[in-house]
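Each remark here refers to the structure printed beneath this line.
Only the coordinates and a few stated rules stand behind these numbers; no lab work does. Here the structure is a predicted model, which is why all the values come from computation and not from measurement. Ideal geometry is used to build each Cβ from the backbone, glycine not excepted, and the neighbour counts take in all protein chains shown.
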């Protein structure tokens with residue numbers, strides 16, 4: 001008795017609005033199977049797409065002489081290739097003749113078409129297929145429809161990648177088309193075990209994502225885990241860059257746990273090691289799991305000869321440390337350990353700093369912020385105005401700031417070297433991480449000098465040692481120690497890299513036969 | 001899940017932790033203690049102490065292997081609840097004392113040499129705060145961080161030794177036996193406390209992948225540490241002479257000040273100070289973590305990791321008590337901590353071993 005008013009209250013509170021009700025009704029209707037009545041089926045699909053208000057939905061319904069039944073082809077104009085429809089669907093239907101009683105059944109129509117087709121049984125399936133750019137062919141009296149592969153988005157041709165340039169090696173980059181991207185990968189991985197599984201993400205907008213891996217190499221539990229994380233997503237995913245933020249391990253961390261690359265050859269190399277690659281209509285792909293080394297390496301490291309590759313890697317390793325530590329070391333030395341600087345240099349620095357009214361830290365922050373501004377402006381500026389950035393950067397910030405006694409010349413060198421080093425980092429995410437770490441390091445150094453830098457290193461190492469990407473430790477195979485071919489800062493010759501990295505738990509641990517010691 | 005983390009570490013990580021806790025003793029105040037009593041023969045002390053602790057540790061490891069438990073559980077299992085509690089609690093007090101005195105001596109060095117005007121509370125709080133942060137990341141993280149730190153620190157140490165070789169005079173090592181064998185022998189028993197860290201670390205024996213990892217890590221760790229300690233002591237004596245070296249409170253940092261790299265770079269101290277800070281803070285975090293582990297094991301607290309925060313704060317407050325570094329080093333470390341620790345190392349393992357034998361016989 002007492003519960004009655006409460007149930008009444010909850011009913012009032014949770015009363016669905018008329019809008020919600022309508023949506024629910026629509027959804028329930030869409031779950032139903034196709035009726036077979038052409039007019040009714042078309043009406044439901046039209047309602048789903050708000051046609052005729054929505055101009056994009058195209059319906060071509062007519063009778064064909066060869067067929068006994070009426071058919072209708074439904075598609076979204078902007079997403080399909082209409083040439084394909086007219087050449088490979090309409091023309092055969094018009095011209096070819098079918099004899100006998102089978103006239104107009106689904107199978108006979110499918111056999112007529114010069115295009116790949118598949119059966120569709122419910123409204124929701126039909127709507128989803130139309131949304132991916134396929135056409136749906138409905139036949140009067142048949143409770144099954146055909147989806148036709150007529151996808152035709154406009155996209156760029158395969159071009160040179162914008163952000164990952166290489167000197168030696170393939171110059172093709174991914175484009176905004178999943179099919180092209182897949183073919184770019186297949187071109188280098190000729191393996192019948194290369195599996196491409198499709199998943200549709202999101203409740204409202206349907207985003208197809210392709211999961212690629214080599215069966216028998218990639219660990220099935222890894223594949224399962226990737227699928228699990230993808231299926232947990234209910235939000236609308238416009239592209240892979242957003243997807244990356246949904247599947248990463250620690251969203252607030254400064255370290256990246258998913259690798260984004262524009263290079264198909266790089267993706268193929270990761271596939272062969274047992275990683276999983278995610279692809280959709282984006283000009284890049286996502287690779288999981290990753291370690292620190294995935295961000296540190298480039299594809300070129302494997303194309304160059306052993307000595308050259310290791311040379312550029314050492315340079316890059318130095319660049320990473322320069323990018324993180326140089327400004328902090330400058331602050332620490334000038335503020336706390338002036339005796340560390342050679343006397344002549346110290347006097348020179350002191351001479352130039354004499355006229356600067358700010359402490360070293362303020363001076364450094366002015367310059368660092370200016371540099372970050374310059375960098376951001378350089379990305380956003382329309383290209384016809386691009387040259388102004390150089391003038392502003394070089395003249396105003398470099399020379400005029402020194403002449404105005406805002407900063408000392410040595411500091412301009414420090415900031416310039418740091419900036420240069422951060423440009424030498426091959427990965428955008430790693431570059432961002434290094435820039436953020438640099439500011440943290442400056443804070444530590446300004447409070448505790450070199451001791452502070454030591455503290456920063458300790459904290460950084462401890463943090464990185466527990467960071468994980470899809471359960472793979474970020475600093476593997478060093479800490480924790482795993483078996484793998486030598487391929488970290490220094491790599492061994494390619495013919496010696498016969499083991500796949502054990503930390504990603506590949507099913508097949510060997511890439512090739514173990515080279516004999518006397519072989520080379 | 002690709003791999004369910006079991007929270008355990010392997011041989012390499014354990015070895016790194018051993019080296020960071022034992023061998024790194026020579027980069028803070030401890031050498032002064034060695035030198036004070038053994039004089040020119042101080043460099044032999046680590047090796048002789050190793051001989052002293054070898055048998056007890058062998059017994060300890062064999063007991064642990066047979067029970068398959070960690071140190072504290074073994075103590076409870078063999079000594080019963082009331083006695084076991086007393087033993088475990090004393091272990092906890094020793095560990096907390098060690099952690100506190102260590103962190104205090106690091107902060108003292110930082111203060112005296114580099115930040116004389118910073119209030120001690122602040123530098124101490126920052127130091128312990130960072131150590132707590134590292135310790136909170138867990139046992140696996142400590143193992144991994146140590147494996148990363150040890151090679152860097154080793155490289156730094158090697159550079160320091162090479163650069164300071166020019167100043168060394170082997171003649172300072174003589175007379176070879178210092179004040180004679182009897183004095184050395186008594187001292188070597190007291191300095192068995194140097195290796196107490198292994199006793200403390202066996203409290204995490206169940207978090208090692210295998211008993212083999214523990215055994216191998218212990219043996220290699222002890223030997224390498226002893227050799228390093230002995231080598232560095234010899235270097236200190238050869239450079240400062242024993243009288244001078246006894247008076248130097250922070251010989252490692254002092255040494256890094258006296259070396260130079262050609263005529264242009266006359267001071268390369270900063271590099272070594274950075275490494276010293278790195279080692280110091282990681283080492284302190286290991287001690288804080290072990291304090292929490294032993295406290296948790298004593299009071300049977302399953303979730304012991306968060307205890308690092310209150311115990312770190314306690315250690316900070318206790319560490320502020322000693323009036324000055326001399327009290328800290330001479331009176332508390334040598335007078336109290338070492339004298340409380342060496343009997344524990346030498347007596348506890350045989351007692352456990354006897355108890356274990358007795359227990360086995362009883363069951364049979």
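Where does each of A:320, A:347, B:142 land when they are ranked from fewest to most other beta-carbon atoms within 10 angstrom?
The order, fewest Cβ neighbours first, is A:347, A:320, B:142.
The value obtained for segment B:13-128, namely the Cα convex hull volume divided by the number of residues, is 155 Å³ per residue. On the beta carbon distance between residue B:77 and residue B:339, with R0 = 25 Å, the FRET formula returns roughly 0.30. Each label was represented as a point 7 Å from its Cα along the Cα-to-Cβ direction; for residue A:387 and residue A:29 these points are 6.2 nm apart.
For the pair residue A:404 and residue A:376, the difference between a 0.36 nm per residue extended length and the Cα-Cα distance amounts to 7.7 nm.
From the largest down, segment A:312-446 spans 44, 35, 25 angstrom on the principal axes of its Cα atoms. Taken along its three principal axes, the alpha carbon spread of segment A:32-85 comes to 31, 31, 18 Å, from the longest extent down to the shortest. Helical runs assigned H by DSSP (4 residues or longer) give the protein assembly as shown a calculated mean residue ellipticity at 222 nm of -18000 deg cm²/dmol, each run adding -39500 (n - 2.57) before division by the residue total. Using the Cβ-Cβ distance between residue B:90 and residue B:313 with R0 = 25 Å, the FRET efficiency computed as 1/(1 + (r/R0)^6) comes to roughly 0.70.
Over chain A, what is the mean sequence separation of C-alpha contacts under 8 Å (at least six apart), divided by residue count, expressed as relative contact order in percent? Write down the numbers at each step before the final one.
Working: 780 pairs, mean separation 63.4, N = 520.
About 12 percent, as a whole number.
Principal axis extents of the Cα atoms in segment B:209-364, from largest to smallest and rounded to whole angstrom, are 73, 34, 34.
If you wrap the tightest convex hull around every Cα atom of segment A:229-278 and split its volume per residue, you get 97 Å³. Remark: spin-label model distance residue B:177-residue A:116 equals 9.0 nm, labels positioned 7 Å along the Cα→Cβ axis. With bins 5 Å wide beginning at 0, the percent of Cα pairs of segment B:26-86 falling in each bin runs 4, 16, 15, 15, 11, 11, 14, 12, 3, 0.
Can you check what the Kirkwood hydrodynamic radius comes to for segment B:203-273, Cα pairs only, in Å to one decimal?
Values: mean 1/r = 0.0665 Å⁻¹.
After inverting the mean inverse Cα-Cα distance, the result is 15.0 Å.
If we count other beta carbons within 10 Å of each Cβ, what is the order of B:66, A:203, fewest first?
Least to most surrounded, the residues fall as A:203, B:66.
Which whole-number percentage describes the relative contact order of segment B:197-301, with Cα contacts under 8 Å and a sequence gap of 6 or more? Relative contact order here is 22 percent.
I need the calculated FRET efficiency for the pair residue A:250 and residue A:228, taking r as the beta carbon distance and R₀ as 25 Å, to the nearest 0.05. Efficiency, from the Cβ-Cβ distance: 0.90.
Just so you know, the Rg over Rh for the protein assembly as shown is 1.08, from Cα atoms, with Rh as the Kirkwood radius.
Taking one quarter of the surface of the convex hull spanned by the alpha-carbon atoms of segment A:438-520 gives a direction-averaged projected area of 7.6 nm².
Multiplying each eigenvalue of the alpha-carbon gyration tensor of segment A:87-208 by 5 and taking the square root yields semi-axes of 36, 18, 14 Å, largest first, rounded to whole angstroms.
What percent do you get for the relative contact order of segment A:221-323 when only Cα pairs under 8 Å and 6+ apart count? Computed over segment A:221-323, the figure is 21 percent. Between residue A:168 and residue A:221, the simple spin-label model (points 7 angstrom out along Cα→Cβ) gives 3.9 nm. What would the Debye formula give as log10 I(q)/I(0) at q = 0.07, 0.09, 0.12 Å⁻¹ for the alpha-carbon point model of chain A, no solvent? After summing over all Cα pairs, the log10 values are -0.59, -0.85, -1.16. Relative to the longest principal axis of the Cα atoms of chain A, the long axis of helix A:264-273 lies at roughly 90 degrees.
In degrees between 0 and 90, to the nearest 10, how far off the longest principal axis of chain B does helix B:81-113 point, with axes built from Cα atoms? In chain B, helix B:81-113 runs at an angle near 20 degrees to the longest axis.
Counts of other chain beta carbons within 10 angstrom of each beta carbon in peptide B:271-282 average 6.
At q = 0.17, 0.18 Å⁻¹ the log10 of I(q)/I(0) for segment B:106-226 amounts to -1.28, -1.29, computed by Debye summation with a single uniform scatterer per C-alpha, solvent ignored. Apply the Debye scattering formula to segment B:139-290, with a single equal point scatterer on each alpha-carbon and no solvent, then give log10 I(q)/I(0) at q = 0.10, 0.15 Å⁻¹. The Cα Debye sum returns log10 ratios of -0.46, -0.99.
Put in order of Cβ neighbour count within 10 Å, fewest first, the listed residues A:339, A:368 become A:339, A:368.
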